[in-house]
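Here's the structure, in structure tokens; my notes come after.
Laboratory data are not the source of any read-out in this text; all were calculated from the coordinates shown. Since we're looking at a predicted model, the values are computed, not measured. Cβ: placed from backbone, ideal geometry, glycine included. Neighbour counts: every protein chain shown.
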Amino acid sequence: MPNIKFHKKGQIYEGSVESNTNLVVRAGIKQFPYPNLAFKCGMGKCATCACQVLNGAEHLPPPNWKEKKQLGDKVDDGYRLVCQLWVTHDIELTQDVEPVNAA
Ligand code: FES
């Protein structure tokens, strides 16, 4: 089971999830990383769920067109839209206090 380390506001939250898990879907049903993961649309349209991947990016698929559109150059800094990711391996993420939005 993938282990998730989630940094937010100087705290680290950690938990295990089933393989092939979407963290925004989990937060939507009030499971870890709820309530610390900020999100809104769940559809790659708002960038509220944007996180920077600190470790484990090598196991993720390349950013999709929604991520590139919302995040712009931030994808080069390891930012992803968590609602667009299905996690299959350990991952460490940090979410900035202010939402990231390239638009
Ligand atoms: S929750 Fe809106 S882009 Fe991910």
Return the long-range amide H neighbours of Y13 (sequence gap of 5 or more, or a different chain), with a cut-off of under 5 Å between placed amide H atoms. F6, H7, K8
Ranking of L60, L71 by count of other Cβ atoms within 10 Å, fewest first: L60, L71
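Write out the GluC sites (Glu not before Pro) in the stretch 48-103 meeting two conditions: DSSP loop, and at most 11 other Cβ atoms within 10 Å of their Cβ. Mind showing how you got there, number by number?
Details: sites: E58, E67, E92; in loops: none.
Answer in residue order: no site qualifies.
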Final fewest-first order of R80, R26 on the 10 Å Cβ neighbour count is R26, R80
Cross-link list K45/K68; K9/K69; K30/K74: which exceed 19 angstrom alpha carbon to alpha carbon? K9/K69; K30/K74
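Among DSSP beta bridges lying fully in the stretch 3-94, give the percent that are antiparallel, nearest 5. Don't skip to the answer; put the middle values down first.
Details: 13 of 17 bridges.
Antiparallel bridges make up about 75 percent of those DSSP assigns within the stretch 3-94.
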Coarse-grained scattering of the stretch 11-67 at q = 0.20, 0.21, 0.22, 0.23 Å⁻¹, given as base-10 log I(q)/I(0) from a Debye sum over alpha-carbon atoms: -0.89, -0.98, -1.08, -1.18
Global geometry of the chain, whether rounded, prolate or oblate, following the gyration tensor of its Cα atoms and the 1.5 cut on a/c: rounded
As a test of the formula, what do you get for the chain when each DSSP H run with n ≥ 4 contributes -39,500 (n - 2.57) and the sum is divided by the residue count, at 222 nm and rounded to the nearest 500 deg cm²/dmol? -3000 deg cm²/dmol
Hey, which aspartates and glutamates would be in cross-link range of K5, C-alpha to C-alpha under 16 Å, not counting anything within fewer than 8 residues on its own chain? E14, E18, E58, D90, E92, D96
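Test of understanding: ordering Y13, Y79 by Cβ neighbours within 10 Å, fewest first, what list do you get?
Details: Y13 16, Y79 25.
So the ranking, lowest neighbour count to highest, is Y13, Y79.
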Mean separation of Cα pairs under 8 Å and 6+ residues apart, divided by the residue count of the chain: what relative contact order is that in percent? 38 percent
